[in-house]
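Report on the following structure.
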Amino acid sequence: PEFHSFMPMLITKNAVYVLCFNLQHLTQEGPAFATCLDALCQWLDNLTLLAPSSKIALVGTHRDDLQRAEIDFVHSRLTAAFRAHPSRRQWLWYGDQCFF
């Protein structure tokens, strides 16, 4: 929260950004899922607003702690959440090209 006022100074328009998140937080309902998804969406919104031509890669961590069914579940949840997000027209989601 303290750095939010500095964010516009740190973001450049022609860069590649990597947003890392814990895949385990997206495997079940509850506060961890909501917090992780809210943070991802907030970062995506900020980056698309401040650097619309930049590329953004989402990187899920802790993949080795999940089973294949959990990974597929996370992928479907992210796809559904991003398609339902109000800013979805600004995001290009290549869900079928994701790999974990």
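Couple of notes before you dig in:
- Were the residues from Ile56 through Arg83 laid out at 0.36 nm apart, the gain over their Cα-Cα distance would be 8.1 nm.
- Accessible surface ranking that places the most exposed of Cys36, Cys20 first, with a 1.4 angstrom probe: Cys20, Cys36
The values are calculated or read from the model by the stated rules, or taken from the named source; none is laboratory data. It should be emphasised that the depicted structure is a prediction, and the values quoted were computed from it without experimental measurement. We work out accessible area using only protein heavy atoms, side chains counted, and drop any ligands, DNA or RNA first. Shrake-Rupley method; radii C 1.70, N 1.55, O 1.52, S 1.80 Å.
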